[in-house]
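Just below is one structure, and these are the notes that go with it.
Where a number appears in this text, it was derived from the coordinates with a stated rule and is not lab data. Everything numeric in this text was worked out from a predicted model, so none of it was measured. Heads up, the Cβs are rebuilt from the backbone with ideal geometry, glycines too, and the neighbour counts pull from every protein chain shown.
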Amino acid sequence: MGKFTIKSFAPYSLNYLIYIQNAFISSKNEVPKFPSHETAHWGLLEEEHFRESYKNVWVEMVRRLSQNSLTDHNGILVTEQTLFRNLFKAGEQGEKGFEESRKSFYAWFSSLTGQLTIEKAADHIMYYEIDIYNKVSSTIYHHDDRTNQELLISLIYDECLFGVSTGYSWHSIVSLKDIFLDRKDLVSIITERWNEGKT
């Protein structure tokens, strides 16, 4: 008999992309988002190119994570820097900007206030308050009782505004806003996506 499992974690790759998205928004003097410090010198692409490049990089990273969550690790911004550099201008400014953004992101995300806090806060609500495992496992369509099935939940610290956040039926991307403010819809969104992909 197969079993259903849920794996949730806050990936470096997607949270870095949210970090860059928010830096871009903050640099345009829109609603301040974290990080809101001066990032104009990072050499991010101009708006019309940035949004399209961002969407492409996001889709590619979601695809890779959906195929194998182990592709994400604390060195991904180095091993996959060619992909992430697509968000920055060519030349020295973009090169230096990428390096600075990478170091700034790691200083936050690798600290106790970054990845660990996101995962602990999300896990507490999802598994204890919402009881996501029991609610999802009782409402999803089990395609094959002999096959192990896993739902992957990628946790991101803020909403994805420029990318496609739906992912695949077996991979849901959930922001802290989804968990804290929209929790009543979380289970139904995840199970509907799973069932659409499994029927």
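Using equal-weight Cα scatterers in the Debye expression, the normalised intensity of the chain in log10 at q = 0.11, 0.15 Å⁻¹ is -0.52, -0.92.
Taking all C-alpha pairs of the range 12-109, those more than 19 Å from each other amount to 36 percent. For the range 84-149, the list of trypsin sites (Lys or Arg not before Pro) that fall in a loop by DSSP and count at most 14 other C-beta atoms within 10 angstrom reads Arg146. Across the chain, Cα pairs under 8 Å and at least six residues apart give a relative contact order of 31 percent. With helices as the sole contributors, the chain gives -15500 deg cm²/dmol at 222 nm; each DSSP H run of n ≥ 4 counts as -39500 (n - 2.57), and the sum is divided by every residue. Taking every DSSP beta bridge that has both ends in the chain, the antiparallel portion is near 15%.
For a straight C-alpha distance cut-off of 16 angstrom, the aspartates and glutamates reachable from Lys7 (same-chain residues fewer than eight places away being disregarded) are Asp72, Glu119, Asp123, Asp131, Glu150.
I need the shape label for the range 114-198. Rule: rounded when a/c is under 1.5, else prolate if a/b > b/c, else oblate, with a, b, c from the alpha carbon gyration tensor. Verdict is prolate for the range 114-198. Using a Gaussian network model of the chain in which every pair of alpha carbons under 10 angstrom is joined by a spring, one finds that among Val57, Val136, Val78 the greatest mean-square fluctuation is at Val78.
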